[in-house]
Every structure is written in structure tokens, then in C-alpha cells.
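Engineer: Attaching a single structure in C-alpha cells format; questions to follow.
Since every read-out is calculated from the coordinates, none of them should be taken as a lab result. Owing to the predicted nature of the structure, the values given are computational and were not obtained by experimental measurement. A quick note on method: Cβ atoms are made from the backbone with ideal geometry, for glycine too, and the neighbour counts reach across all protein chains shown.
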Amino acid sequence: MVAPRPSRRSLVHRKQTSSTTSTWTGARLLSHPTFLAAVVEEQKQIVKKYGDQIDYSILLEMETLHCCIKVLRMHPPTASLFRKVHKSFIVNTKEGTQYEIPKGHTIASPMLFNNNIPSIFKDPGVYDPTRFRPGREEDKAGGKFCFTVFGGGRHSCLGEAYAYMQIKVIWSHLLRNFELELVSPFPEMDWSKIMPVPKGKVMVTYKRRSVPST
Ligand code: HEM
């Protein structure tokens, strides 16, 4: 039996979402020394505990880095998700208004707007990965559809766990081995692309370092 070949669109999705999210994760961290120090410290603790050999279960322990990858809230993979309505339904708003959503219509769920609702994400304009830590978990506190950067429902992203793993492998390696400094201005988002990538180049200087393993 021959396995079906993945479409070009799906290959682009896998590569571009992960590489763009890695870039935003780095650009934000390198612009926020306190959070950068926290992720480097996490790497030191991991190296102290396990040495230099990283496996999947160790990546799962990198909670601070995991929260930083949720930079996706500010830099989502797309502005909106779309769904075709197969069955009419009613939406009741918090304010008490009712809307009927008729069968056959297309619904847009504006991710960019949803990720910035102040009643769910405190001070939404602020980069603060600790909002995702246990105790706050703002991405879960507002219900299962309040943080849809990986989509939602039946067609949500099949690569979510893999994407976190990939990005953690990249950043864990960089943080352990290099002192990095962002030397270009923090990039604007380029909205001319389906997935908003950084506009222009993101320039970083690097110096080798080794996170001590004892
Ligand atoms: C940071 C990285 C990624 C982000 C932000 C992301 C985000 C998304 C989003 C928003 C959707 C649409 C979901 C929906 O309409 O509800 C999606 C679909 C999908 N993603 Fe990802 N993705 C990422 C990486 C990956 C990777 C690495 C893979 C595969 C290895 C992957 C495989 C898929 C597949 C197969 C679908 C289609 C699911 C379906 O239609 O049933 N994604 N992704």
C-alpha cells in the first residue's frame, strides 16, 4: 500500500507555522530580559537534573519555555478561522442578545480579536508568558474556545504537540549554547501574508556559551 502524499499546502503549513512561531518566540524573549533570564534559568535547572541529553519527556518539563511559545496569542497563524454552518443554531451573548446563525452561512472567528479580549487576557497588549502558568492559565480559564491558535473542534491542528516539541528543541538548543542579542528593532507584523510573518529582517548577534551541567 502506498501512503498518500501530503499536499504542498499542508507541507507549507507545517514548516511555516513552526518557523514563524520560533522567530516570534525569540524576538519577544530577546526584547524582554526578565523572561529571557527565566527561560535560561529553566535550561540550567534541566541540565543540572538530566545533563545534556534531551529526550521527549524532558522537553515536556520545559514549562517556562512552553508558556513563551504561546506568543502565538500576539502573533497568531492567521487573522481568522472560518467554518461553514451545516445546521442552524442560536448564540446567546453575555449581554443577553440572541443571534440565529442560519444553515449555509460561513462564520469567521477572528482569532486576532479573540486573543485580545481583556476579560479573558489581562492587559492583552502586554507580552507576559506568565499569564499561561498554573494558577492563571488564561488560555483555559475562558473556556475551551478562548484560545484557538491551533484551531478548535473536529478540524483543530493535528500537529499541535509536535509543533511545541519542535520549537522547544530549537529554543532549548539556542538558549543553552548561545548568548543572543536582538540588534534590529522589534519587527512589525506583515499582514500581507496568510500567516503574519515579521516584516523585514530579524537580526541577532550571538556568542557561544555552554550552560554548565553541574
Ligand atoms: C506553531 C505551529 C502551528 C500552528 C500555530 C498551527 C495552527 C493550525 C490551525 C489554526 C489550523 C486550522 C484549525 C482549524 O481550522 O480549526 C491547523 C490545522 C492543521 N494543522 Fe497545524 N499548526 C501548526 C503546526 C502544525 C504542524 C507542525 C503540523 C504537522 C506536523 C500541523 C498539521 C495540521 C493539520 C494536518 C491540520 C488540518 C486539520 C484538519 O483540517 O482536520 N500543524 N493548524
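Engineer: Could you tell me which GluC sites (Glu not before Pro) in segment 164-210 are loop residues by DSSP with no more than 10 other beta carbons within 10 angstrom of their beta carbon?
Structural biologist: Glu188
Engineer: Please give the direction-averaged projected area of the C-alpha convex hull for the chain, in square nanometres with one decimal.
Structural biologist: In nm², the orientation-averaged hull projection of the chain is 15.7.
Engineer: Can you compute 3J(HN,Hα) from phi for each residue in segment 198-207, using the Karplus curve 6.51 cos²θ - 1.76 cosθ + 1.60 with θ = phi - 60°, rounded to whole Hz and x for Gly and Pro?
Structural biologist: Values per residue, Gly and Pro as x: x, 7, x, 8, 9, 9, 10, 9, 9, 9 Hz.
Engineer: Taking amide H positions as placed in the peptide plane 1.01 Å from N, state which residues far from Val197 in sequence (5 or more) or on other chains have amide H under 5 Å from it.
Structural biologist: Counting only residues 5 or more places away or on other chains, the set is Asp190.
Engineer: With an 8 Å Cα cut-off and a minimum separation of 6 or more residues, compute the relative contact order for the chain in percent.
Structural biologist: Relative contact order of the chain: 26 percent.
Engineer: State the extension gain, in nm to one decimal, for the chain segment bounded by Val85 and Glu188, taking 0.36 nm per residue of separation less the distance between their alpha-carbons.
Structural biologist: Length difference between fully extended and current span is 33.6 nm.
Engineer: Report, by chain and number, residues whose modeled amide H sits under 5 Å from the one on Phe178, excluding near sequence neighbours (fewer than 5 apart, same chain).
Structural biologist: Correct list: Arg209.
Engineer: Still on this structure, I have one more. Sum -39500 (n - 2.57) across every DSSP H segment of at least 4 residues in the chain, then divide by the residue count to get the 222 nm mean residue ellipticity, nearest 500.
Structural biologist: -11500 deg cm²/dmol
Engineer: Also: Just add up the charged neighbours of Phe186: K/R +1, D/E -1, any other residue whose Cβ is under 15 Å from the Cβ of Phe186.
Structural biologist: Taking every Cβ under 15 Å from that of Phe186, the sum is 0.
Engineer: Sequence neighbours fewer than 8 away in the same chain don't count; with that in mind, list the aspartates and glutamates whose C-alpha is under 13 Å from Lys199.
Structural biologist: Of all the aspartates and glutamates, those that pass the test against Lys199 - Cα under 13 Å, at least 8 places apart if same chain - are Glu188, Asp190.
Engineer: Search the structure for amide H atoms under 5 Å from the amide H of Leu81, placed 1.01 Å from N in the peptide plane, and list their residues when 5 or more places away or on another chain.
Structural biologist: For Leu81, the qualifying residues are Ser109, Met111.
Engineer: Tell me, how many Å apart are the Cα centres for segment 55-73 and for segment 167-181?
Structural biologist: 13 Å
Engineer: So what is the relative contact order for segment 166-214, in percent, with contacts set as C-alpha pairs under 8 Å and at least six apart?
Structural biologist: 42 percent
Engineer: For Lys70, go through the lysines and keep the ones whose alpha-carbon is under 19 Å away, minus same-chain ones fewer than eight residues off.
Structural biologist: Within reach: Lys15, Lys122, Lys140, Lys144, Lys168.
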